[in-house]
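Working notes, beginning with the structure itself.
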Amino acid sequence: MRSKSQARPKVGVFKFASCDGCQLSLLDAEDELLAVARAIDIAYFPEASSIMKKGPYDIGLVEGSVTTHHDAERIQHIRRQCRTLITIGACATAGGIQALRNWAEVDEFVRAVYASPQFISTLKTSTSIAEHVPVDFELRGCPISKHQLLEVISATLAGRKPNVPTYSVCMECKRRGNVCTMVAHGTPCLGPVTQAGCGALCPAYNRGCYGCFGPMESPNTASLSQQFRVLGQSSGDITRAFRGFNAWAWPFRQASGEGHRS
Amino acid sequence: MPRFFRLDEPALDGLIEALRQQGYTAVGPRVRDGAVIYDEISSVADLPQGWASEQEAGKYRLNRDPSAGPFDYVIGPSSWKQWLHPPEARLFAAERENGAFRILPNTTSAPRYALVGVRACELAAIAIQDRVLLGDRYTDPIYQARRKALFVVAVNCTRSAATCFCASMQTGPRAVEGFDLALTPVGNGRQYLGETGTDAGAAVAGELGWPEAPPEMMSEAAETVRAAARAQTRNVALEGLAEALTAAAEHPRWETVAKRCMACGNCTLACPTCFCTTVEDTSTVDGARAERWRKWDSCFTQSFSYIHGGSVRTSVKSRYRQWLTHKLAYWQQQFGTPGCVGCGRCITWCPAGIDLTEEARALRA
Ligand code: SF4
Ligand code: SF4
Ligand code: SF4
Ligand code: SF4
């Protein structure tokens, strides 16, 4: 239990290769934002404030994947500065959509996209933070759920375990009373192999789950792929379904046909 | 003694209206997102007239069928469990006060539901949940309050889905008990034979002044319901089942089914008898308020069997075995009946198309 005399935990928010959407989930927590600002000391959050206090930090929230030599060194430094390190979002936990480069030739992209490719220095891969340093807790999603972010902050402050279930999206889908898109419409859905947290958002709007929360605790991707085939999906369709925001997460990588080029 | 009446469509509309007048929230079948689900209804116009369902393992399609009456959809994904044993419920809230905390009373009163279109298998499922949630030393106050205030309009099935097997589970398709009123569609679903089950049902029937049913209507109704039973293609052989499954703990079939099962939990959440819940505590960022919530859980999740040090059932095989043996074997010892009423939801709504009747058969081989 926290007492008034205890200092507010010092929090740093760090960005790697990402779109900033997950950090923005914190600013998006309109109703709770003031309470958050009172409860924690946001010491380093360049996206939100120009005040940047030096480390060490009690909690580091890390967004984004490692795609450059510079980032690979920077995450080592950040890890040393943070007592608890929490990765937020699909980029930080799995490499993000940019991990599709892991199946392709990055140099070709660089030549095609940039007018002066000689100034570009990048790694051949996009990898999760956990592939570089130990991570204490992961928040999934593209973007993360602001409810889960607030839950982790509240739980940490109260000294209790955060309620971040690792079971399937289907659990939330059925509780919400959605009609299963896969069974009732024949729409391929990654829900059965994807971790809950979104509240079954896509199926609630008759879209199959895109798997943005990454693999659930026991993902049976082989069985789901088989069911996708029953629904008329080709091998290429199945590869593309798994090569989304969490393509490089091992169970999805494997299901997409490891080694195949996209 | 039950009494029998003849109802036409305006009379059914009058029944829904009368129940609403008495302060009930009427809940019944309606079409949403390509399926027939249970939700609030205000008149017969909300009922899924002209729709029929096609159901197979892992497959459901709602098709236009001009010959289909309002109850010919058979059953859909939702069950009455959603209304009586809600998916998420707040158990209590507490607020910090002068260094201590105060439990805030739950002030909301229980809703009064009139369920319209409850099938025989679903009545059996409610009877099972009654035994589980009310029949022991510990009663569930949330379920109890909703259950007490309930009015049940049952509908006897005159069509079966391909996934139905209530006849073999001896729970249907004819509703025998547990209803205030029961209706049987006759004359191609444009008329109903009404039957009273309780004094409350008889009172409503009397108030609405329904005419008595002619004898030929009663024989037609009985015959169409029997035909629905005969049309069922799936079955579970109950004789010796619990013993056989208990003896089959190491059967190779568990491995086979575990290759297909995704441990997604759909079967348990769709099942009208599964009652398991988990409890989650929440607190606000400033620590001033805390709440305890109860949510539907499933024995397919890893956290379900978590005890100090880890989960007991780490393999999907052990979790599928837990589900099937609880439904068809241990439930019997625990509560005196099987935990399955033969509604077929777990078959239709399993995204991998796993069929419990097929698994039960294979496990006895
Ligand atoms: S729509 Fe997708 S997430 Fe929802 S129950 Fe079906 S398979 Fe699961
Ligand atoms: S049997 Fe089907 S619905 Fe049940 S957990 Fe396994 S895959 Fe999911
Ligand atoms: S086990 Fe399956 S068939 Fe039996 S009552 Fe549950 S959902 Fe219905
Ligand atoms: S089958 Fe599983 S979820 Fe259903 S009642 Fe039994 S233990 Fe609970």
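The values are calculated or read from the model by the stated rules, or taken from the named source; none is laboratory data. A quick note: this is a predicted structure, and the numbers were derived from the prediction, not measured. Neighbour counts run over all protein chains shown; Cβ positions are idealised from the backbone, glycine included. Keep in mind that these areas ignore ligands, DNA and RNA; they rest on the heavy atoms of the full protein, side chains included. Shrake-Rupley method; radii C 1.70, N 1.55, O 1.52, S 1.80 Å.
Just a few scattered comments:
- Heavy-atom accessible surface that B and A bury in contact, both chains counted, 1.4 Å, Å² to 100: 3200
- Checked against a 19 Å cut-off, the cross-linked pairs A:Lys174/B:Lys81; A:Lys10/A:Lys54; A:Lys161/B:Lys317 give Cα-Cα distances beyond that limit for A:Lys161/B:Lys317.
- Mean separation of Cα pairs under 8 Å and 6 or more residues apart, divided by the residue count, gives chain A a relative contact order of 18 percent.
- Here the average projected area of the convex hull drawn through the C-alpha atoms of the range B:241-364 stands at 9.3 nm².
- Taking the convex hull of Cα positions in the protein assembly as shown, its mean projected area over all directions (nm²): 32.6
- Karplus-derived 3J(HN,Hα) values for the range B:294-306, using 6.51 cos²θ - 1.76 cosθ + 1.60 with θ = phi - 60°, are 10, 9, 3, 10, 8, 6, 8, 8, 5, 5, 4, 9, 6 Hz; glycine and proline are entered as x.
- For the range B:171-231, the solvent-accessible area with a 1.4 angstrom probe is 48 square angstrom per residue.
- One chain, two ends: A:Leu27 and A:Trp250. Fully extended at 0.36 nm per residue, the span grows by 77.2 nm beyond their Cα-Cα distance.
- For the set B:Arg226, B:Arg364, A:Arg240, the ranking by accessible area, highest first and with no ligand, DNA or RNA atoms included, is A:Arg240, B:Arg226, B:Arg364 under a 1.4 Å probe.
- At an R0 of 60 angstrom, the distance between the Cβ atoms of B:Cys276 and A:Asp107 translates into a FRET efficiency of 0.65.
- About the Cα centre, charge dipole magnitude for the protein assembly as shown (Lys/Arg +1, Asp/Glu -1 at Cβ), debye: 1560
- Each 10 Å bin from zero up to the one holding the largest Cα-Cα distance in chain B carries the following percent of pairs: 5, 22, 31, 24, 13, 5, 1, 0.
- Annotation: amide H of A:Gly64 within the under-5 Å range of A:Phe16, A:Ile88, A:Cys91, A:Ala92, sequence separation 5 or more or interchain, hydrogens built in the peptide plane.
- Working note: Debye formula, equal point scatterers on the alpha-carbon atoms of the range A:1-120, no solvent; log10 I(q)/I(0) at q = 0.10, 0.22 Å⁻¹ is -0.39, -1.31.
- Residue of B:Leu238, B:Leu47, B:Leu328 that the Gaussian network model of chain B assigns the largest fluctuation, springs spanning Cα pairs under 10 Å: B:Leu238
- Of the solvent-accessible surface of the protein assembly as shown, computed with a 1.4 Å probe over protein heavy atoms with every protein chain present, carbon and sulfur atoms account for 53 percent.
- Computed [θ] at 222 nm, deg cm²/dmol, chain B (DSSP H ≥ 4; -39,500 (n - 2.57); rounded to nearest 500): -9000 deg cm²/dmol
- Kirkwood Rh and Cα Rg combined as Rg/Rh, the range B:1-105: 1.18
- Only Lys, Arg (+1) and Asp, Glu (-1) charged, at Cβ; chain A dipole about Cα centre in debye: 460
- Cα-projected label distance for A:Leu100 with B:Ala222, points at 7 Å along beta-carbon direction, nm: 6.7
- With each label modelled as a point 7 angstrom along the Cα→C-beta vector, the B:Thr314-A:Ala48 pair spans 3.9 nm.
- The calculated FRET efficiency for A:Gln81 paired with B:Arg364, based on their beta-carbon distance and R0 = 60 Å, is about 0.45.
- 3J(HN,Hα) from dihedral phi, the range B:182-198, Karplus parametrisation 6.51/-1.76/1.60, rounded to Hz, x for glycine, proline: 10, 10, 10, x, 9, x, 6, x, 9, 10, 9, 8, x, 9, 8, x, 9
- Nearest-0.05 FRET efficiency for B:Asn106 and B:Asp199, computed from C-beta distance (R0 41 Å): 0.85
- Separation in nanometres of the label points that stand 7 Å from Cα toward Cβ, at B:Glu207 and B:Leu238: 3.6
- At most 16 other Cβ within 10 Å, DSSP loop - chymotrypsin sites (Phe, Trp or Tyr not before Pro), the range A:92-199: A:Tyr114
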